[in-house]
Amino acid sequence: MIEDLKKNFLFTRLSPEQLQRVASHAERIHLGEGAPLFEHGDEAKRFYLVLSGQIKLFRLSPEGNEKVIEIYTEGHTFAEALMFLEQPRYPVCASALTDSELLSLNSKDFVAMLRESIDTCFLLMGDMSQRLHGLIKEIDDLSLQSGTRRVASYLLNLAGSTADSFELDIPKGVMASRLSLKPETFSRIIRNLHERGILTVTRRSIEIHKRGELQSISDACEI
């Protein structure tokens, strides 16, 4: 379990004694595809490290529509910021997109350990700061970018700097929700990019033919 903890940088600088302490309060969890982890409003006594699979955080509207907030994959933690609240409750729902394995970590004991280690506090603050910058960028994207630009940026991010062919690792409907698009709008954008010869989509396989044009769309102020 200690080796599993080291998959996330939050734990890599902990002393052997601290790692052992965290591991002694940790639980290993296996979730099948679609299985819930927690519900909106549940008491947040634990935070999580993804060892394998994909975990989806989402909210449900009063009408039952789902908005995907984030998707976490191997090596990432989530829900740790809640440990600093006086009466923490999860503000979202969480479930497994695929068969997943996680470590469930005791928030109360981790906070007690933070009180004893300034270095660990700064590590956690750095992690939260990075996430805050990511959320600010996402707000800017949602406010300023068209749907086409958001899709182009997302696909380029998935492809990386060199790969022009890759597999989508999440369902298209989930991806549309993550980009704050209706599924039909997302499909229409993909179809338009295909008709323009910029990319080809075959089931979950994507091949980018004109990276320069896709980058121009991503960089544009208005599409």
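Readers should treat all values here as calculations from the given coordinates under stated rules, not as data from a laboratory. Here the structure is a predicted model, which is why all the values come from computation and not from measurement. Note: ideal-geometry Cβ built from the backbone for every residue, glycine included; neighbour counts use all protein chains shown.
Numerical summary
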| read-out | value |
| --- | --- |
| Amide H within-cut-off set for I69, under 5 Å, with H built and near neighbours excluded | L57, F58, R59 |
| CD proxy at 222 nm, helix term only [per DSSP H run n ≥ 4: -39500 (n - 2.57); per residue of the chain; nearest 500] | -12500 deg cm²/dmol |
| Formal net charge of residues neighbouring I55 (Cβ-Cβ distance under 12 Å; K, R +1; D, E -1) | -4 |
| Rg/Rh ratio calculated on Cα atoms of the range 2-131 (Kirkwood radius) | 0.96 |
| Environment charge at S205 (Cβ cut-off 13 Å; Lys +1, Arg +1, Asp -1, Glu -1) | -1 |
| Too-long pairs where the Cα-Cα distance tops 24 Å, listed order kept, from K56/K172; K67/K172; K7/K182 | K7/K182 |
| Sparsely packed GluC sites (Glu not before Pro) within the range 24-74, loop by DSSP, other Cβ within 10 Å at most 11 | E63 |
| Amide H contacts under 5 Å for E74, placed H, 5+ residues apart | G53 |
| Likely footprinting exposure, C121, C93, fewest C-beta neighbours within 10 Å first | C121, C93 |
